[in-house]
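Please read the structure below before turning to the comments.
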Amino acid sequence: MSLTFDPHLASRRAVHYPDSDGKPMAETDAHRFLISNSVSALLWHFSSRSHEVYVSGNNFFYYKEGDPKARLSPDTYVVFGPEQRDRNSYKSWEEGDALPAVVFEFTSKKTQKEDVSDKMQTYEQLRIPEYFLFDPTGDYLKPSLRGYRMTPLGMYSPIAPQENGRLASEQLGLELAADGVRLRFFNPATGEFLPTLAEAQSEIARLRAELEQLRRTKND
């Protein structure tokens, strides 16, 4: 049996897409908390749709096959279509060309210029439907929470705050609220805020304790 050489396949295998640039996960404890809490809250919200919603943050998102420099590292993002599973990096062409529907960047002294210029322009060029910026210290963004939505013309338009001061995400079906150094997600369908990471962990511990108590009662 003869084997044919596929130069396109060989080229794909030759390209290296790094999983890390060696930089720390977040600039401060506040930013690390924001990433962890946002990913946790959104995973909780979409837990029943884990087969078709991918939530992640602070990993490389590659958007052009063959070009390892065509990448971004959103603080938090949500993609509709791909399943929730562990990935070292997200490569759009391996996921049916699915791009993030929503991206969050948590602004700091180090990232403020990039967040409102280069990154925003790239997200706009990729036609990412919604882009949110949050400055936990309030030192670099006024107001500290900003949102942008893609228009039919392919440009971002600012999302106006609602009467309650929150920003509505049409993609997520949630409302975003700045709560001091925290970003909270409000679900208008339930009238409740999504749990923080600590609240989720506490609820899981409570449910496990109740389950253990039921087992003991049943065995007595």
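Data for the structure
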| item | result |
| --- | --- |
| Residue that is farthest from E192 (Cα to Cα) [pool: residues in region 48-65 that are open to solvent by 30 Å² or more (accessible area, probe 1.4 Å) and at pLDDT 95 or above] | E65 |
| Filter result (outside any strand (DSSP E or B), of a type in the set (A, V, I, L, M) and under 24 Å from L183 (Cα atoms)) within region 84-114 | L99, A101 |
| Region 45-100, residues that are farther than 15 Å from H16 by Cα and among the hydrophobic types (A, V, I, L, M, F, W, C) | F46, V53, V55, L72, V78, V79, F80, A98, L99 |
| Spans of strands (runs of 3 or more DSSP E) in region 115-220 with at least 3 residues open to solvent by 20 Å² or more (accessible area, probe 1.4 Å) | 145-150, 156-158, 174-179, 182-187 |
| Among (1) touching a residue at least 60 places away in the same chain (Cβ under 8 Å); (2) part of a loop (DSSP other than H, G, I, E, B) - the single one L42 does not satisfy | (2) |
| Options T190, T122; residue that is more than 19 Å from the chain's Cα centre (by Cα) and among the β-branched types (V, I, T) | T190 |
| Residue match in region 87-105 (condition: touching a helix residue (DSSP H, G or I) at 6+ places or on another chain (Cβ under 8 Å), farther than 24 Å from Y140 by Cβ and surrounded by 15 or more Cβ atoms within 10 Å (Cβ to Cβ)) | yes |
| Of all residues making up region 66-79, the number that are open to solvent by less than 60 Å² (accessible area, probe 1.4 Å) and closer than 20 Å to P129 by Cβ | 9 |
| Residues being within 15 Å of the chain's Cα centre (by Cα), in a loop (DSSP other than H, G, I, E, B) and within 19 Å of D118 (Cβ to Cβ) - total across region 60-83 | 4 |
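The values are calculated or read from the model by the stated rules, or taken from the named source; none is laboratory data. These numbers were taken from a predicted model, which means no experiment stands behind them. Note that we place each Cβ from the backbone using ideal geometry, even for glycine, and neighbour counts take in every protein chain shown. Accessible surface areas use protein heavy atoms only, side chains included; no ligands, DNA or RNA. Shrake-Rupley method; radii C 1.70, N 1.55, O 1.52, S 1.80 Å.
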